[in-house]
Amino acid sequence: MNPFRLLRDQEPDPPQYYFTLPALEDSIRPPPCPCSDCQDGFYPENAQKNPEHSYHQRLSNAQAESRARSFVDDIQKRRSRLSEKVQVFGDILITRWKKQSQAKRATLLKEAAPDLEAQQWLLPRYNYMREKYYILDRKAERRRQLLLPWLNVHVLKTNPAVLFALLHYRTAYPPQSWATFDSNQLKVSWAAGYFDVDFSAKCVVMHGDRFGSLVDWEAKAAHRGDILGYPRAILILEAQASLLKALCNIVDKILEGVDPLQTPRAEKWHDLVNHEAFRETGAIEFWSPYTNQAFSRPPMFNCDYLVTLAKSRLEETGDHLWYLQCDSDYMRRHVKIWFAPEAIKKAPEQQRAMMLTQRIVLEIESHLWWRWIEMECNNVEAVCRRFSDSSERAMQLRALSTAVEKFLGSIRAYVREDLTKSDTAFSSEEAGDLLGVVSAHLSREYIQDKRRAEAEILTAIKIADKATPTDGAFNAGSEPSLTSTTIAQGREKVKTRGEQGSSGNDVTEPQAEDAGEVTKGTVITLPEEALGVIHLMFPSKDGAAKDVTWNRFVNMMTKAGFTARNNTGSAVSFKQVSGSGAGGSIVFHKPHPADKIDPILLRIMGKRMTKWFGWKRELFALQGEATSVVQG
């Protein structure tokens, strides 16, 4: 069916192909719909005039159905086989794979799956390979590598958890749950024409129990994504079958010599997968599903997760704005970071002042964005609850689809429109409500704390005046007085939730309603290394200020009853899994490029833990010591 033939191949120029006009016209197969959505499943007519996008063969309906059914049957059979293997030999699999060196893992992988690409980043490298031009001489091995561009020997051998995660998620979730992800991995190769693609006018069902079934093209189903054009869909099925075949071969190779009749041993395996405790090499926190999509849960619409994520980010940005207003050390720290670029340092003073103002406004807008996102997520969740008991599934899907489209539309609309434009101006009541987050200086706690701080400063000044020598304005031989040191370190405050950081402008921020009360006997014991982090988060007056590495902080949080999981970017979510506040979560940002937390930021992190979880210095004790805590 492909009408192109090689005419000339002379390096360094790309090879040239020729065709006859009748053969070209006969090879073109128009898609059922010319829209951009349907181009994901069928090549448009104009594209088929290029050698790389010309269909390889035209299949009959029977041939197309037979090929799709063969892939689906193979996927289900190998998935069941893998599931049985890990249920019986899970612990042996973990032990054997972890014990092997990277070199031995690489050797095993090449023996079990010879087609595996050796290195990462196949697609960028393939784009510069000359072989991509030879459309009439494509290799089956390269095809299988391009079907799974994220899978390679390097990523599997470097971190043993990658194989465990891959086995778990591909067996725990059905292939239709992975269809969207697997399709996305083919976007570049599909658009560039790296595959020999066969044509059928049929479509393939990509969800539900009929996954992999051939159906006729139908506009609404195609535009919803329920079905996909056969040329692209068959590549997805082939990719899934190829992956599961490789995994079966790898598992069989690892388990060589194991007694097939042994009793099931999978306690370690179940403990690993139930907690989804997959980590990057050398990291303490669980890896991010964003940067490790192939080795995490398949993408799914989850209202509860979206609400929790939005709420935690809203709380994080709200706390950030509060301390920018109420903690001078924290504000100075961020001003230094904002003014660090050389271009800003060399800018005129007035321009730098404008940049600072714009940056603060950006911080405020970031909080407002998360506030509105949380509102819309709650709206979607309400719709989900309202229709959760309905027996009409179609009605549920339509309602949810409408809610999701409204949710996404409202976010796009906000990003597109600037709040300061006259046609989108807020009323005075709305503006006042939005500005509440940057009105900390008007709060009762702030005013009371400010008065208390002023009184303490005046008292300290009077004491210093009494101690000042009267024989001159200067005393070259004098040492720094205890009074001045005390002022620099801050004041002692009367608190209800333990000591917080010491700063000349500390304020008592509003306490979260769900912060647990610390009562007698509720003490958290930690090893000495972790307890040292607590003492730096909640420093005493005379305590030394030191940086803390990120891993040391995460290790302390895990020992205190939290799990750490990367979210998006530098945000890491800490979820409490033990204790009276189990289920609560808080977001901290991993510092970069250096992975150290400076004393100012560490103290603010302690304040946030006080606000949301009732932490204080006295709540913690050294392991092995009999200690109780009495509420202060």
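The values are calculated or read from the model by the stated rules, or taken from the named source; none is laboratory data. In this text, all values refer to a predicted model and were calculated from it rather than measured experimentally. Every residue, glycine among them, receives a Cβ derived from its backbone with ideal geometry; neighbour counts consider all protein chains shown.
Any chance segment 221-239 includes a residue that's within 30 Å of Leu108 (Cβ to Cβ), free of Cβ contacts under 8 Å to residues at least 60 places away in the same chain and among the β-branched types (Val, Ile, Thr)?
Here is the first cut: in segment 221-239, the ones within 30 Å of Leu108 (Cβ to Cβ) are 235-239.
Restricting the remaining residues to those that are free of Cβ contacts under 8 Å to residues at least 60 places away in the same chain gives 236.
Still in the list and also among the β-branched types (Val, Ile, Thr): 236.
Scanning segment 221-239, I find at least one residue that is within 30 Å of Leu108 (Cβ to Cβ), free of Cβ contacts under 8 Å to residues at least 60 places away in the same chain and among the β-branched types (Val, Ile, Thr), so the answer is yes.
Which one of Ala103, Ala62, Ala68 is surrounded by 14 or more Cβ atoms within 10 Å (Cβ to Cβ) and of a type in the set (Gly, Ala, Ser)? Please lay out each step first, then the result.
Working: Ala103 fails: surrounded by 14 or more Cβ atoms within 10 Å (Cβ to Cβ); Ala62 fails: surrounded by 14 or more Cβ atoms within 10 Å (Cβ to Cβ).
Unique residue meeting the criteria: Ala68.
Looking at segment 53-109, which of the residues that are in contact with an Asp or Glu (Cβ under 7 Å, 6 or more places away or on another chain) and either of a type outside the set (Phe, Trp, Tyr) or not assigned by TED's automatic domain parsing to the domain that holds Leu272 (or both) is farthest from Val215 (Cα to Cα)? Let's see the steps before the verdict.
Looking only at segment 53-109, we keep the residues that are in contact with an Asp or Glu (Cβ under 7 Å, 6 or more places away or on another chain), and these are 55-57, 59, 71, 91.
With either of a type outside the set (Phe, Trp, Tyr) or not assigned by TED's automatic domain parsing to the domain that holds Leu272 (or both) added as a condition, the list becomes 55-57, 59, 91.
Details: Tyr55: 20, His56: 22, Gln57: 20, Leu59: 15, Asp91: 43 Å.
Per the criteria, the residue is Asp91.
Output the helices (runs of 4 or more DSSP H) that fall wholly within segment 289-356 and possess 1 or more residues being farther than 24 Å from Leu601 by Cα, or say none.
On the way: elements: 303-326, 328-338, 342-345.
So the answer is 303-326, 342-345.
Please tell me if Val162 is touching a Leu at 6+ places or on another chain (Cβ under 6 Å), in contact (Cβ under 8 Å) with a residue 12 or more places away in the chain, in a helix (DSSP H, G or I) and surrounded by fewer than 19 Cβ atoms within 10 Å (Cβ to Cβ). Step through it out loud before you land on a result.
Values: touching a Leu at 6+ places or on another chain (Cβ under 6 Å): yes; in contact (Cβ under 8 Å) with a residue 12 or more places away in the chain: yes; in a helix (DSSP H, G or I): yes; surrounded by fewer than 19 Cβ atoms within 10 Å (Cβ to Cβ): no.
Spelling it out, it is not the case that Val162 is touching a Leu at 6+ places or on another chain (Cβ under 6 Å), in contact (Cβ under 8 Å) with a residue 12 or more places away in the chain, in a helix (DSSP H, G or I) and surrounded by fewer than 19 Cβ atoms within 10 Å (Cβ to Cβ).
Out of the residues in segment 233-265 that are farther than 15 Å from Phe181 by Cα and β-branched (Val, Ile, Thr), state the one that is surrounded by the most Cβ atoms within 10 Å (Cβ to Cβ).
Filtering first and then ranking leaves Ile250.
Which members of segment 562-582 meet the condition of being under 22 Å from His592 (Cβ atoms) and not charged (D, E, K, R)?
Phe562, Thr563, Ala564, Asn566, Asn567, Thr568, Gly569, Ser570, Ala571, Val572, Ser573, Phe574
Out of segment 284-296, which residues are loosely packed, with under 15 Cβ neighbours inside 10 Å and either more than 14 Å from Ser570 (Cα to Cα) or of a type in the set (S, T, N, Q) (or both)?
As a first pass, look at segment 284-296 and keep what is loosely packed, with under 15 Cβ neighbours inside 10 Å: 290-291.
If the condition is that a residue be loosely packed, with under 15 Cβ neighbours inside 10 Å and either more than 14 Å from Ser570 (Cα to Cα) or of a type in the set (S, T, N, Q) (or both), then Thr291 is the only one that fits.
For segment 16-43, enumerate the residues that are surrounded by fewer than 17 Cβ atoms within 10 Å (Cβ to Cβ), closer than 19 Å to Ala192 by Cβ and either in the same structural domain as Arg130 (by TED's automatic domain parsing) or out of contact with any Leu (no Cβ under 6 Å at 6 or more places or on another chain) (or both).
Selection gives Ser36 alone.
One line per residue, one yes/no per condition, for (1) within 23 Å of the chain's Cα centre (by Cα); (2) aliphatic (A, V, I, L, M); (3) assigned by TED's automatic domain parsing to the domain that holds Glu84; (4) over 17 Å from Pro298 (Cα atoms):
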{"residue": "Phe164", "(1), (2), (3), (4)": "yes, no, yes, no"}
{"residue": "Leu167", "(1), (2), (3), (4)": "yes, yes, yes, no"}
{"residue": "Ala172", "(1), (2), (3), (4)": "yes, yes, yes, no"}
{"residue": "Ser177", "(1), (2), (3), (4)": "yes, no, yes, no"}
{"residue": "Phe181", "(1), (2), (3), (4)": "yes, no, yes, no"}
{"residue": "Val188", "(1), (2), (3), (4)": "yes, yes, yes, yes"}
{"residue": "Ala192", "(1), (2), (3), (4)": "no, yes, yes, yes"}
